[in-house]
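Have a look at the structure below, then the notes.
The values are calculated or read from the model by the stated rules, or taken from the named source; none is laboratory data. Being a predicted model, the structure only gives us computed values, none of them experimental. Quick reminder, even Gly has a Cβ in these numbers, built from the backbone with ideal geometry, and neighbours come from all protein chains shown.
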Amino acid sequence: MKKVLIALLCALALGAIPTRAQFGPRTVPEPTDGLKDAYKDYFKIGVAVNIRNVTEPEQIQVVLREFNSITAENAMKPQPTEPRKGEFNWEDADKIANFCRQHGIKMRGHTLMWHSQIGTWMYQDENGKLLPKEEFYANMKHHIQAIVNRYKDVVYCWDVVNEAVADSPVYPGAPELRNSPMYQIAGEEFIYKAFEYAHEADPTALLFYNDYNDSEPAKSQRIYNLVKRMKDAGVPVDGIGMQGHYNIYGPSMDDVDKAIALYSTVVKHIHITELDIRVNEDMGGGLRFNQGASQVADWERTLQQDQYVNLFKVLRKHKDVVDCVTFWNVSDKDSWLGVRNSPLLIDENYKVKQAYNAVKAFDPKQDNAVVIEDFRPSSKNQPGQEYPMVNSQGYARFKVNAPKANSVIVSLGLGGSGGTVLHKAEDGSWMGTTAGPMDEGFHYYHLTIDGGVFNDPGTENYYGSSRWESGIEIPAHDEAFYAERDIPHGNVQQILFWSKSTNQLRKAFVYTPAGYEKTKKKYPVLYLQHGWGENEFAWHVQGHANLIMDNLIADGKIDPFIIVMTYGMTNEGFRPGAPRAGGARGMMDNGFETVLCDELIPYVDSHFRTIAKKDSRAMAGLSMGGMETHTITLARPEVFGWYGLLSGGTYNPKELADAGLDPKQVKGIFVSCGSKEGPDQIRSAAQALQEAGYNAKGYVSEGTAHEFLTWRRSLYEMAPMLFKK
Ligand code: XIL
């Protein structure tokens, strides 16, 4: 809750900051077109429908928007169409077929022969005795040809036989096929016959063998073997249907890739026929999520999205052979797995999920992107730690040892993906690479292992998001301005000052420039604040403020000044002994103004050689620190002469005038943000201030967001402006 409030506050101050994934699920806008449109150059996108889906207007609208192939979920199966011998019931099948005829959508027929949802009359007598083969074949032929003939104008392909291959493990010598009544009567031949009967009724229909656990290596080999034998025997089989009932932990997309590659050596058509990705590993329809009140956690959604995104990437790769991908049901509400399993891309209210957008908004260029294998340890790693690594393109690669874990997610990812999901590598560790290059600069992150949050033991820790997080550095092309060089360096020292107002010993870090100790010179002071969730370490540790200053001074670009960095919160509960939890309101009250102006500044002025005057005193801050700067500089017009807001909002001439601050009283104003943070506001604010006669500078950091490279660069741009007469 707190995070959301803070995010809102930041957004208010900055306009449209891109919301980070860590601030919770975003609302996904209603699409104007569908998956079928996004995938028009790849394959058809199909769906299994029930009667409600094709009769209720809201559902019809979703079906027509998203899909261009339709399967009847149950209505064309053996038992529903012919519950008793010779007694056909076409009602539901006709309704769905007519819907498709009316809208010009071709159907996948599902399914002609299956051991489940079939009238027992097909293969046994009233006493439960298996029928003679000829009688079974006659029943089968009559059934198959009746239904294929009836719908041949609208059904373009059939799942002729469903689920006839045995599940793993199959012991040596045991049959590779399921020991169904049909198999007991006729052996493998019944499968061949089913295809022949269907082909006879509609020689133009594409005929599929369809099964589940379609990517499990041993079973996919058996499926391949069966179809290969059929081909060799001249059976009219055109394709393999991979049901695609997957889950968030498996199969591995590597196995899916391999299975498709294997199948494509024996058939020209592969369809994913029943796609859903459930949130648990159970098989079948009776699932944990049907029974309990479990909620799908954010990290489970991340795993699900990752499975979907990677699956579609594999399918796009095989677009030459994959020509239809059918979701098993329209929405979670319709799913045979139960709504709590949340297995589809459309939720129970027929609204699309974030994963839907991730599947839809693929970048064809990224599909073929070549990741250069020049990964090197990140500069933020602990001594001797190889991972995380970064390559020259800005990809990050992670490796975590957690042998008993079921899932490992890195919170860093791209475009609201919620992170990078790691996968088990051959050596048993978890590994993964970001889906694309990251923004240059420093990023905080953490790991989520089976739902628990941890730091990456590979990196040093950085206080952000109100906790010590892991951090990674993507080398920036302009990193020279904070590089470590053989030049005179200043010092960063910790000071402790007693704060009466908060009844606490408080801490600050003070940067004194090189040479401070050797002269009697007095220096101007910049009070520089961190952002929300950070602390007094942020600016010199992840911000490299001291190195930026040392370099600027060594290069003669600025006159030296002191920087003071202190903790900018006074009444929230993050620290032991803090008075009380303040929440978002507390963060903005005047407690910090008192600490800063009435306690810290007098302490600094009495313990360091400062020029203790308004015109030689600046306040600046990033994000929340910018908001504090804004509030405090206006409330205490006599204290500071220079103001800086770094991704922390803007000033307007009216509020300055209202605070009695005309262009003579404010020596200079600096406003900045990253180009990915809605930079227009910064540009227009700077211009408005300049037009009103203020000494103002606006700066936009190219290619960065609400992160530290924006603020490092901002300090570098702001420093030369400060304390100029
Ligand atoms: C399921 C339907 O979705 C359910 O409504 C029905 O109760 C059972 O069958 N593999 C298949 C599909 O080939 O036909 C199944 O459909 C799901 C598993």
- Item | Lone unmet requirement of (1) crowded, with 21+ Cβ neighbours inside 10 Å; (2) in contact with a Phe, Trp or Tyr (Cβ under 8 Å, 6 or more places away or on another chain) for THR459 | (2)
- Message: Among the listed residues TYR224, TYR249, identify the single one that is more than 16 Å from the ligand (Cβ to nearest atom), in a helix (DSSP H, G or I) and among the hydroxyl-bearing types (Ser, Thr, Tyr).
- Response: TYR224
- Task: Examine segment 150-158 for a residue that is out of contact with any Pro (no Cβ under 7 Å at 6 or more places or on another chain) and farther than 26 Å from GLU274 by Cα, and state whether such a residue exists.
- Result: no
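Would you say VAL155 is surrounded by 15 or more Cβ atoms within 10 Å (Cβ to Cβ) and within 16 Å of the ligand (Cβ to nearest atom)? Outline the logic, then answer.
On the way: surrounded by 15 or more Cβ atoms within 10 Å (Cβ to Cβ): yes; within 16 Å of the ligand (Cβ to nearest atom): yes.
The answer is yes for VAL155.
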- Message: Only one of ILE118, ILE96, ILE144 is surrounded by 14 or more Cβ atoms within 10 Å (Cβ to Cβ) and within 16 Å of ALA201 (Cα to Cα). Can you tell me which?
- Response: ILE144
- Message: Take HIS269 and tell me if it is closer than 23 Å to SER116 by Cα, surrounded by fewer than 22 Cβ atoms within 10 Å (Cβ to Cβ) and not β-branched (Val, Ile, Thr).
- Response: no
- Task: Give, as residue ranges, the strands (runs of 3 or more DSSP E) completely inside segment 437-542 that count at least 1 residues that are under 16 Å from THR566 (Cβ atoms).
- Result: 461-464, 491-499, 504-512, 525-529
- Could you tell me which of the residues PRO343, PRO364 is buried (at least 21 other Cβ atoms within 10 Å of the Cβ) and either at negative phi or in contact (Cβ under 8 Å) with a residue 40 or more places away in the chain (or both)? PRO343
- ILE60, sole failed condition from (1) modelled with pLDDT of 95 or more; (2) surrounded by 19 or more Cβ atoms within 10 Å (Cβ to Cβ); (3) among the hydrophobic types (A, V, I, L, M, F, W, C): (2)
- Condition test on PRO203, is it within 29 Å of ASP282 (Cβ to Cβ), more than 16 Å from the ligand (Cβ to nearest atom) and surrounded by fewer than 16 Cβ atoms within 10 Å (Cβ to Cβ)? no
- Message: Quick test of your reading of the structure: GLU300 fulfils all but one of (1) at pLDDT below 95; (2) within 16 Å of the ligand (Cβ to nearest atom). Name the failing condition by number.
- Response: (2)
- Where residues in segment 659-694 are in contact with a Lys or Arg (Cβ under 8 Å, 6 or more places away or on another chain) and β-branched (Val, Ile, Thr), which of them is farthest from GLY648 (Cα to Cα)? ILE669
- Task: Exactly one condition in (1) surrounded by 23 or more Cβ atoms within 10 Å (Cβ to Cβ); (2) touching a strand residue (DSSP E or B) at 6+ places or on another chain (Cβ under 6 Å) is not met by MET627; state its number.
- Result: (2)
- State whether one or more residues within segment 111-118 are away from the ligand (no atom under 16 Å from the Cβ) and either in contact with a strand residue (DSSP E or B) (Cβ under 8 Å, 6 or more places away or on another chain) or on the phi > 0 side of the Ramachandran plot (or both). no
- Within segment 350-357, is even one residue of a type in the set (D, E, K, R) and either surrounded by fewer than 15 Cβ atoms within 10 Å (Cβ to Cβ) or under 21 Å from the mean Cα position of the chain (by Cα) (or both)? yes
- Message: Within segment 543-554, does at least one residue satisfy the condition of being without any contact (Cβ under 8 Å) to a residue 60 or more places away in the chain, under 30 Å from VAL390 (Cβ atoms) and in a loop (DSSP other than H, G, I, E, B)?
- Response: no
- Note on the structure: The correct count of residues that are part of a loop (DSSP other than H, G, I, E, B) and either modelled with pLDDT under 95 or over 15 Å from ASN68 (Cβ atoms) (or both) in segment 43-57 is 4
- State whether the residues of segment 63-82 include one that is within 16 Å of the ligand (Cβ to nearest atom), in a helix (DSSP H, G or I), touching a Gly at 6+ places or on another chain (Cβ under 7 Å) and in contact (Cβ under 8 Å) with a residue 24 or more places away in the chain. yes
- Task: List every residue pair whose Cβ atoms sit under 8 Å apart, with the two residues 6 or more apart in sequence or on different chains, where the first one lies in segment 441-453 and is free of Cβ contacts under 8 Å to residues at least 12 places away in the same chain and surrounded by fewer than 23 Cβ atoms within 10 Å (Cβ to Cβ) and the second, anywhere, is part of a strand (DSSP E or B) and basic (Lys, Arg).
- Result: none
- Message: Where the second residue is part of a loop (DSSP other than H, G, I, E, B) and among the aliphatic types (A, V, I, L, M) and the first is closer than 16 Å to LEU262 by Cβ and within 16 Å of the ligand (Cβ to nearest atom) and lies in segment 232-245, which pairs have Cβ atoms under 6 Å and are six or more apart or on separate chains?
- Response: GLY239/VAL267; ILE240/VAL267
- Do you know which of the residues in segment 320-345 that are assigned to a loop (DSSP other than H, G, I, E, B) and closer than 29 Å to VAL266 by Cβ is nearest to the ligand (Cβ to nearest atom)? TRP328
- Can you tell me which residue within segment 220-266, out of those that are of a type in the set (A, V, I, L, M, F, W, C), buried (at least 22 other Cβ atoms within 10 Å of the Cβ) and touching a Lys or Arg at 6+ places or on another chain (Cβ under 8 Å), is nearest to ASN162 (Cα to Cα)? VAL237
- Message: So LEU262 ticks every box in (1) free of Cβ contacts under 8 Å to residues at least 40 places away in the same chain; (2) away from the ligand (no atom under 16 Å from the Cβ); (3) within 31 Å of the chain's Cα centre (by Cα) but one. Which box is left unticked?
- Response: (1)
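Being within 16 Å of the ligand (Cβ to nearest atom) and assigned to a helix (DSSP H, G or I) is the filter here, so list the residues in segment 171-200 that pass it.
Across segment 171-200, the qualifying residues are MET182, ILE191, ALA194.
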- Scope segment 86-143; condition basic (Lys, Arg), within 29 Å of LEU64 (Cα to Cα) and assigned to a loop (DSSP other than H, G, I, E, B); matching residues: LYS106
- Query: Is it true that SER499 is within 22 Å of the chain's Cα centre (by Cα), in contact (Cβ under 8 Å) with a residue 12 or more places away in the chain and surrounded by 13 or more Cβ atoms within 10 Å (Cβ to Cβ)?
  - Reply: no
- Only one of these conditions is not met by VAL161: (1) free of Cβ contacts under 8 Å to residues at least 60 places away in the same chain; (2) under 18 Å from THR111 (Cα atoms); (3) more than 16 Å from the ligand (Cβ to nearest atom). Which number is it? (3)
